[in-house]
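Step one of this worksheet: look at the structure below.
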Amino acid sequence: MIDYQKILFEIQEEIKPFMSQGKVADYIPALGGVDPDQFAMSITLFDGTTYHIGCSDTKFSIQSISKVFTFSKSLNIYSKELYNRVGKEPSGNPFNSLVQLEYEKGKPRNPFINAGAIVITDTLLSHYKTTDDTFTKVLDFIKEVADNKEITYDEEVCLSEYRHGFRNLALANLMKSFGNLDNEVEDVVKTYFKHCSITMSTKELSRAMLFLANHGTDPISKRQFSTVNQAKRVNAMMLTCGHYDASGEFAFHVGLPGKSGVGGGIVAVVPKLMSIAVFSPRLNVWGNSLAGTQALELFTQKSGLSIF
Ligand code: GLU
């Protein structure tokens, strides 16, 4: 039997040289003030057993990890139709790039780059009609998969991103000009920023991802949140597009479906076994947690777990 707690202790020691490398995401000023030296890692197994190391109760901005939940939710509603609006190929470009979007006539490569996630938010807004209801439904979905009613968002981070979100507004405006945004740009982008500013701890995130490790059904509550096929798509998207233009690097070194956020969090899934969340705010050049990526690589090396 694998001693997960021992592995986590070893990882905490071995990532120390990486903890000072990288840079906190200060393009969202409210995130720039986060203590950069934090580290946490959590594992939740199918029977509910958990293992933690570091500040695993500290809540942080989940940022793009929220895209896993919005994509899952939109797939529930629109199924295959969704791919008329957003693709399913890696972009090979930075998360907030405008260039490819212009060439490809306003259809984003995948739901995890910013443009793709903005389109997904637009689809949810069309379905739920108001910005408040859309955000509430997204948050409710996260509360349900996390089995935790306390989850909320950070208004300061949300406002900070809105005040400095020129690039995301540009992406949304470009898509609107190509006819790929049905609602008002301001409404879509504000809702997008709001779900990015949801705060969760690694303990909560590792619990929330469990349904995706089990073909869409939470192995603890037995509730089905996605169909088997939808869960397969979300996992495939995490593997191929979950780390922007470093998705290949992540698959190569870690070998698990995963999704990062510029708040310093990363979630990953070991199918049929567990989900993992890690947090460390300093990012590598691709906008993914530097020590977090390293910790996940160490975890799959030490445990021998990977999808390959
Ligand atoms: N809210 C962030 C943005 O739109 C998300 C980016 C990320 O976490 O990778 O820039």
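The values are calculated or read from the model by the stated rules, or taken from the named source; none is laboratory data. Source: prediction; values computed, not measured. Quick reminder, even Gly has a Cβ in these numbers, built from the backbone with ideal geometry, and neighbours come from all protein chains shown. Areas reflect the complete protein model, heavy atoms only, side chains present, ligands, DNA and RNA absent. Shrake-Rupley method; radii C 1.70, N 1.55, O 1.52, S 1.80 Å.
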Among the candidates PRO90, PRO111, which residue alone is within 15 Å of the ligand (Cβ to nearest atom) and open to solvent by 50 Å² or more (accessible area, probe 1.4 Å)? PRO90
I'd like to know if the range 170-178 contains one or more residues that are within 16 Å of the ligand (Cβ to nearest atom), touching a residue at least 40 places away in the same chain (Cβ under 8 Å) and not in a helix (DSSP H, G or I). no
Any residue in the range 156-168 that is without any contact (Cβ under 8 Å) to a residue 60 or more places away in the chain and within 9 Å of CYS196 (Cβ to Cβ) sitting within a Cβ distance under 6 Å of a residue that is within 9 Å of the ligand (Cβ to nearest atom) and open to solvent by less than 70 Å² (accessible area, probe 1.4 Å)? List the pairs, counting only those 6 or more apart or interchain. CYS158/PHE193; CYS158/SER197
How many of the residues in the range 244-302 are without any contact (Cβ under 8 Å) to a residue 24 or more places away in the chain and buried (at least 22 other Cβ atoms within 10 Å of the Cβ)? 0
Counted residues, the range 1-41 - those being open to solvent by less than 30 Å² (accessible area, probe 1.4 Å), in a helix (DSSP H, G or I) and among the hydrophobic types (A, V, I, L, M, F, W, C): 5
Taking the residues in the range 42-59 that are open to solvent by less than 30 Å² (accessible area, probe 1.4 Å) and not in a loop (DSSP other than H, G, I, E, B) as candidates, determine which candidate is nearest to the ligand (Cβ to nearest atom). SER42
Could we say that ILE2 is closer than 13 Å to GLY263 by Cα, touching a Ser or Thr at 6+ places or on another chain (Cβ under 9 Å) and not small (Gly, Ala, Ser) here? no
Got a number for residues in the range 227-257 being of a type in the set (S, T, N, Q) and in contact with a Gly (Cβ under 8 Å, 6 or more places away or on another chain)? 2
Only one of these is of a type outside the set (Phe, Trp, Tyr), closer than 27 Å to GLU150 by Cβ and crowded, with 24+ Cβ neighbours inside 10 Å: LYS222, LYS194. Name it. LYS194
